[in-house]
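The values are calculated or read from the model by the stated rules, or taken from the named source; none is laboratory data. Worth saying up front: this structure is predicted, and the values here are computed from it rather than measured. Note that we place each Cβ from the backbone using ideal geometry, even for glycine, and neighbour counts take in every protein chain shown. SASA here: full protein model, heavy atoms, side chains in, ligands and nucleic acids out. Shrake-Rupley method; radii C 1.70, N 1.55, O 1.52, S 1.80 Å.
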Amino acid sequence: MKVDIAHLQQWVGKSEGRVERLAAFPANALSATLDRKDPPFVDGSPLPPLWHWLYFLPIHRMSEVGPDGHAERGGFLPPVPLPRRMWAGSRFRFHHPLRVGETVQRESRVLSVEHKAGRSGDLVFVRVEHTFSNTHGLALSEEHDIVYREAAEPGAQPPAVKPAPLDAAWERTVRPGPVQLFRYSALTFNSHRIHYDRSYVTEVEGYPGLVVHGPLIATLLIDLLRRECPEATISDFSFRAAKPLFDTEEFAVCGAPNEDGKTVHLWTRDTGGALTMEARATLA
């Protein structure tokens with residue numbers, strides 16, 4: 001499939017803005033989905049880091065949805081013709097908390113569109129910036145990396161994996177399943193079929209099982225830090241996806257404070273010992 005990168009780069013600089021009131025229900029529903037025992041979220045409650053993903057959701061009519069469950073290509077994001085789309089990573093700066101009940105403005109802009117040739121064929125990387133502001137000014141800035149790739153070839157050799165670190169100070173076992181993945185898809189209005197349609201994800205996209213959402217994995221990493229250091233305030237966070245996780249097996253969510261006392265190394269490990277996501281949090 002030919003990629004016209006010059007055409008796709010015409011989307012660089014494209015922007016859009018939205019305003020939304022942050023309701024309590026999505027936060028309470030995510031708390032239940034993560035099996036937390038927090039007090040109920042009410043107006044004025046601060047949102048934990050990354051829970052802003054419950055808001056400003058894209059809402060497309062059914063006539064605008066493609067065969068993979070995503071919206072048809074085009075609009076704010078460039079119409080990349082490659083069929084597989086994944087969340088590759090993100091970087092965040094938390095200036096002050098977003099709070100339930102307040103009205104927030106989000107501004108989004110396409111920063112770059114790049115084409116690369118990988119072992120599995122063409123890759124297109126799209127980087128998007130989001131900024132979130134409330135009555136106190138800029139609250140959160142985010143850069144989001146999306147990767148588009150070609151369909152998997154039958155019998156293709158999987159990419160080399162990197163072993164996960166063995167020096168975890170904290171570790172939790174997560175057993176993903178279709179109910180939790182469905183809940184997170186519903187909470188984020190994510191209709192990408194790789195997360196809930198087993199026949200589609202195995203027969204069309206060639207994965208061994210339902211794919212665990214990248215944002216859910218990142219949320220679980222920060223959730224580990226919140227459980228182990230409940231008084232900590234996170235000023236910066238970044239993560240990079242290294243290997244998909246599936247609902248066919250459990251995985252470990254791990255972390256360890258660095259010697260500087262200000263940063264924390266976080267990662268996930270599959271049952272084969274491979275690193276699947278790596279993250280870094282900076283404490284205020």
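Given the residues Thr135, Thr173, Thr131, Thr103, which is the only one that is closer than 20 Å to Val253 by Cβ and touching an Asp or Glu at 6+ places or on another chain (Cβ under 8 Å)?
Within the list Thr135, Thr173, Thr131, Thr103, the selection yields Thr173.
Looking only at region 258-284, which residues are part of a loop (DSSP other than H, G, I, E, B) and of a type outside the set (S, T, N, Q)?
Matches in region 258-284: Glu259, Asp260, Gly261, Lys262, Gly272, Gly273, Ala284.
With the condition kept exactly as written, say whether any residue in region 190-213 is more than 22 Å from Pro46 (Cα to Cα), surrounded by fewer than 18 Cβ atoms within 10 Å (Cβ to Cβ) and aliphatic (A, V, I, L, M).
The answer is yes; a qualifying residue exists.
Restricting attention to region 178-189, report how many residues are open to solvent by less than 20 Å² (accessible area, probe 1.4 Å) and farther than 15 Å from Trp51 by Cα.
1
Considering only region 10-58, state which residues are under 20 Å from Ser108 (Cα atoms) and among the β-branched types (Val, Ile, Thr).
Once the filter is applied, which keeps residues that are under 20 Å from Ser108 (Cα atoms) and among the β-branched types (Val, Ile, Thr), region 10-58 yields Val12, Val19.
Being under 21 Å from the mean Cα position of the chain (by Cα) and open to solvent by 50 Å² or more (accessible area, probe 1.4 Å) is true for just one of Arg91, Arg36, Arg21, Arg106. Which residue is that?
The conditions single out Arg91.
Starting from residues that are of a type in the set (D, E, K, R) and in a loop (DSSP other than H, G, I, E, B), keep the ones in region 1-33 and report whichever is modelled with the highest pLDDT.
Lys14
Which numbered condition in (1) touching a strand residue (DSSP E or B) at 6+ places or on another chain (Cβ under 9 Å); (2) open to solvent by 10 Å² or more (accessible area, probe 1.4 Å); (3) not hydrophobic (A, V, I, L, M, F, W, C) is the only one that Glu259 fails?
Single failed check for Glu259: (1).
Could you list, in sequence order, all residues of region 216-233 that are at pLDDT 95 or above, touching a helix residue (DSSP H, G or I) at 6+ places or on another chain (Cβ under 8 Å) and either open to solvent by 20 Å² or more (accessible area, probe 1.4 Å) or polar (S, T, N, Q) (or both)?
The one that is at pLDDT 95 or above, touching a helix residue (DSSP H, G or I) at 6+ places or on another chain (Cβ under 8 Å) and either open to solvent by 20 Å² or more (accessible area, probe 1.4 Å) or polar (S, T, N, Q) (or both): Thr219.
Tally up the residues in region 28-47 that are touching an Asp or Glu at 6+ places or on another chain (Cβ under 9 Å), closer than 20 Å to Leu181 by Cβ and in contact (Cβ under 8 Å) with a residue 40 or more places away in the chain, please.
2
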